[in-house]
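Here's the structure we're looking at; comments come further down.
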Amino acid sequence: MSFKIYTKTGDKGETSLFGGKRLPKSHLRIEAYGTVDELNAFMGLLRDATEEDETVRDWIKEIQDLLFSLGAALAMEPGAASIIPGVEELHIEALERRMDAMDETLPPLKNFILPGGHPTVSFCHIARCVCRRAERLVVGLALEEEVDERIVRYLNRLSDFLFMLARKLSRDLGAEEIIWAPAKTSGT
């Protein structure tokens, strides 16, 4: 039996959660897990751009696997039991350990840093920004419906991790960290 990618069930602007409940595609829950999916796609781009660093590629693959599970958890009806493993404390702690290890090897941060310096670093910053958006959407959803608080904590920590990873990648690639300088007024 062949599986078709199109079902035509969303042609009127609705989609189904795992469990069958239908929601408009503009619903905050759909926005939240759709943005997690977008983040996962950017993480794939970042993984492809870090082909020389197996450790970073392994970290990103691990994050992608967890983001897929996290998105599936958000695609379930609130309160539904899940057979998909979710975010655990150990996932949050792993990000913290990795950030601490990166921080020990980087110069102290004394200024705000602008995204850029190398395409791979820029991909990392884009992923960080999408992660922050996903976090905001999940926080908004949690104000309306039940959401595992570890999802919010993981996304918060992941965006911090991506900032640190961007700094590490800048150093590893020999790229200059671009320091923010306030815009000067022309006086006119």
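Bear in mind these aren't lab numbers, they're just calculated from the coordinates by the rules spelled out. Note that the structure is a prediction, hence the values are computed from the model and not measured. Virtual Cβ from ideal backbone geometry, glycine too; neighbours counted across all protein chains shown.
Numerical summary
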| read-out | value |
| --- | --- |
| Summed residue charge, Cβ within 13 Å of residue 137's Cβ, Lys/Arg positive, Asp/Glu negative | -2 |
| Near-label residues of segment 140-163 by backbone N, under 20 Å of a point 7 Å along Cα→Cβ of residue 41 | 159 |
| Long-range amide H partners of residue 116 with built H, under 5 Å | 122 |
| Trypsin sites (Lys or Arg not before Pro) lying in DSSP loop within segment 30-76, provided at most 13 other Cβ fall within 10 Å | none |
| Extended-chain gain in nm, criterion 0.36 nm per residue less alpha-carbon gap, residue 185 and residue 153 | 7.6 nm |
| In nm, spacing of pseudo-spin labels at residue 51 and residue 110 (7 Å Cα→C-beta vector) | 3.7 nm |
| Amide H within-cut-off set for residue 76, under 5 Å, with H built and near neighbours excluded | 18 |
| Cα gyration tensor category, rounded, prolate or oblate, for segment 112-188 with a/c compared to 1.5 | oblate |
| Whether segment 61-137 is rounded, prolate or oblate, judged on the alpha carbon gyration tensor where a/c under 1.5 counts as rounded | prolate |
| DSSP-loop chymotrypsin sites (Phe, Trp or Tyr not before Pro) across segment 91-188, with at most 11 other Cβ within 10 angstrom | 112, 180 |
